[in-house]
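Undergrad: What follows is a structure written as structure tokens; I'll ask about it next.
Every number in this text was worked out from the coordinates using simple rules, so none of it is lab data. What you are looking at is a predicted structure, and each value in this text was computed from that prediction instead of being measured. No Cβ is skipped: glycine too gets one built from the backbone with ideal geometry, and neighbour counts run over all protein chains shown.
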Amino acid sequence: MDLGLSADQLALQERAQAFARKVVRPRAADIDASERYPWDIVKALTQERFVGMTIPTTYGGQGLSFLDAVLVIEEMAKCCTVTARIVVETNMGAISTVMAYGTDEQKHLAASLVLAGDKPAICITEPDAGSDTTAMTTRAERRGDRYLINGRKHWITGAGVSRLHLIFARVFDEKGIELGIGGFLAMPDEAKGLRVARRETTMGLRGMPEGELVFENLEVPAAMAVLPPSGLRHGFADLMNAYNSQRVGAGTVAMGIAAGALDLAVDWVKEREQFGRPIGEFQGLQWMLADMQTQLTASRLVLYQAARSRGEGSEFPDPMLAAQAKIFASEAAIRIVNDSLQMFGARGYSRDLPLERMARDVRMFTIGGGTAQVLRTLVASRLLGWKLPQTRDGYMADDARRHAAE
Ligand code: FAD
């Protein structure tokens, strides 16, 4: 099928596929079972230049597009979800936020770390501020040429292994006046006051540490504040907008897991015989396979479209397309992996095959990076052309909108 990929993109995809099959696939089961971050894979990805691909050439990267990154992520995800997430977060997410809004100094710093294999951590979620991100209580208080950060974040991907941290906090000036929510770059090895309080126990994605971080008078130079041109008052929305690239990446990981599971199922139904015939001859399974393939094709198309929307008036993917792509691909992937597992019967439920690992891994993608429900609110809000405040008094403030919402 012609998906409009260039010769360079097809070559990149082929290179990623060969690497994933040879280097990544043999390690996937152990990465899950050992629950250890795969430094050997990080080294190999770095040598192959699959990290920092989207970083502009001025900062040492290859200046590749998000679609290029998507092609690589899908191939990794077919074999190992943790590896695919490393590729996402060394090409999208925090790194794209810094590349969009950072100072020259910040861009050089972030690029040099990522190109050496660091997977930056993005620190937004708090125990009492999940979907409601603006309820965060972490504070950054100005003290001369530095900020002092105090607070707590949880479910931070890469806790304990990432060097660069992009920390979101409420910003206060010297007089204690609140200015808005801003982002700050910190490295725990260079600044005291950032510690991992605990590692979360996760259902899947076990080789990637998720952790709770505590900031106790963490000192960050004022020069490490990441400020969008719109300033602090509106800057949080811009910083979060940059996160749209990460959503395309996360949706692609889900789609790649589904593609890997479907490949396994297709081979299996031709091989496994019951009632004297390959089980693939039963129409009950054929129709399941057709639905799985249809959902996969649709997922790939919306993800490619979202990735390609970067550059059309913005340096990020379109928020509406990114949200739709993540909702659709993540929900479809859960169904596809579940149906693939079903086709293996008891063997699908065994830890000897990768299906149960894929089923655990894929479950995350309707949750992290904005839940499927919250992303639907974003889509509905754009569709209606309304702000859709989720707090009770948000509706109370505007009669017309409250009635419209009822
Ligand atoms: P809640 O906000 O408490 O939501 C609970 C339920 O209510 C969900 O089903 C949600 O959809 C629903 N809900 C909430 N509000 C609404 C609404 N207005 N309308 C309809 N339904 C609603 N965060 C980071 O900052 N950095 C990371 O690196 C990071 N990595 C993560 C990795 C993993 C594996 C996971 C699972 C999470 C990660 N997160 C990270 C956190 C993630 O972004 C949050 O879990 C997510 O935003 C949801 O917040 P919550 O878990 O507090 O759920």
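Undergrad: Relative to the longest principal axis of the chain, what angle (0 to 90°, nearest 10) does the C-alpha long axis of helix 66-79 take?
TA: Orientation of helix 66-79: about 50 degrees from the principal axis.
Undergrad: Just to confirm the number: angle between the C-alpha axis of helix 319-343 and the first principal axis of the chain, 0 to 90 degrees, nearest 10?
TA: 40
Undergrad: Taking 1 over the mean of 1/r across every pair of different Cα atoms in the range 230-325, what Kirkwood radius in Å do you get?
TA: Across the range 230-325, the inverse of the average 1/r is 15.7 Å.
Undergrad: What do you get for trypsin sites (Lys or Arg not before Pro) in the range 222-318 restricted to DSSP loop and a cutoff of at most 16 other Cβ within 10 Å of the site's Cβ?
TA: Answer by residue number: Arg272.
Undergrad: If one computes the Cα centroid of the range 265-302 and of the range 115-166, what distance in Å separates the two points?
TA: With the range 265-302 and the range 115-166 each reduced to a Cα centre, they are spaced 44 Å.
Undergrad: For a quick protection proxy, order the peptides 374-386, 26-38, 158-170 by their average other-Cβ count within 10 Å, most packed first.
TA: Put in order of decreasing packing, that is 158-170, 26-38, 374-386.
Undergrad: Then there is this: Setting aside same-chain residues fewer than 8 positions from Lys43, which aspartates and glutamates have a Cα under 12 Å from its Cα?
TA: Within the straight-line cut-off, Lys43 pairs with Asp118.
Undergrad: Given that compact globular proteins tend to follow 2.2 N^0.38 Å, what is the ratio of the alpha-carbon Rg of the range 121-230 to that value?
TA: The range 121-230 yields a ratio of 1.04.
Undergrad: Still on this structure, I have one more. For a quick protection proxy, order the peptides 118-125, 206-213 by their average other-Cβ count within 10 Å, most packed first.
TA: Order by mean packing, descending: 118-125, 206-213.
Undergrad: So, one more: Compute the distance in nm between two label points, each set 7 Å from the Cα along the Cα-to-Cβ direction, one at Arg199 and one at Asp291.
TA: If labels sit at Arg199 and Asp291, their model points lie 3.8 nm apart.
Undergrad: Sort 98-104, 326-332, 255-261 for me by packing, meaning the mean count of neighbouring Cβ atoms within 10 Å per residue, highest on top.
TA: So the order, starting with the most tightly packed, is 255-261, 326-332, 98-104.
Undergrad: Over 30 Å between Cα atoms: which of Lys119/Lys175; Lys270/Lys326; Lys107/Lys387; Lys153/Lys387; Lys22/Lys270; Lys192/Lys387 fall into that group?
TA: Lys119/Lys175; Lys270/Lys326; Lys107/Lys387; Lys192/Lys387
Undergrad: Output the 0 to 90 degree angle, nearest 10, between the alpha-carbon long axis of helix 25-34 and the longest principal axis computed from the alpha carbons of the chain.
TA: Once rounded, one gets 60 degrees.
Undergrad: For the range 239-395, what's the relative contact order in percent, using C-alpha pairs closer than 8 Å and at least 6 residues apart?
TA: Relative contact order comes out at 30 percent.
Undergrad: Evaluate the relative contact order of the range 1-156 (contact order divided by residue number), counting alpha-carbon pairs under 8 angstrom at least 6 apart; express in whole percent.
TA: Averaging sequence separation for qualifying contacts and normalising by length gives 19 percent for the range 1-156.
Undergrad: Using the charge dipole of the range 272-400 (Lys, Arg: +1 at Cβ; Asp, Glu: -1 at Cβ; taken about the Cα centre), state which of Gly385, Gln274, Gly369 has its Cα farthest towards the positive end.
TA: Result: Gln274.
Undergrad: Principal axis extents for the chain, Cα atoms only, whole Å, descending order, please.
TA: So the extents along the principal axes, rounded to whole Å, are 80, 55, 42.
Undergrad: Also: At 10 °C and 1.306 mPa s, what whole-number value in µm²/s does Stokes-Einstein give for the translational diffusion of the range 239-395, with Rh from the Kirkwood sum over Cα pairs?
TA: Answer, rounded: 94 µm²/s.
Undergrad: Divide by every residue of the chain the summed helix terms, -39500 (n - 2.57) for each DSSP H run of at least 4, and state the resulting mean residue ellipticity at 222 nm, rounded to the nearest 500 deg cm²/dmol.
TA: That calculation yields -15500 deg cm²/dmol at 222 nm.
Undergrad: Could you list Val23, Val220 so that the one with the fewest beta carbons within 10 Å of its beta carbon is first and the one with the most is last?
TA: Least crowded to most crowded, the residues run Val23, Val220.
Undergrad: Okay, moving on. With 10 angstrom as the radius, rank Ser309, Ser230, Ser350 by how many other C-beta atoms surround their C-beta, starting from the fewest.
TA: Ser350, Ser230, Ser309
Undergrad: Given points 7 Å out from each Cα along the Cα-Cβ axis, report the Thr371 to Lys387 separation in nanometres with one decimal.
TA: Between Thr371 and Lys387, the label points sit 2.3 nm apart.
Undergrad: Could you please state, rounded to a whole Å, how far the C-alpha centre of the range 169-211 is from the C-alpha centre of the range 3-78?
TA: Spelled out, the Cα-based centre of one part sits 27 Å from the other.
Undergrad: Moving to a separate point now. For Glu141, Glu48, Glu74, which order do you get if you count the other beta carbons within 10 Å of each Cβ and list the fewest first?
TA: If I rank by nearby Cβ atoms, fewest first, I get Glu48, Glu141, Glu74.
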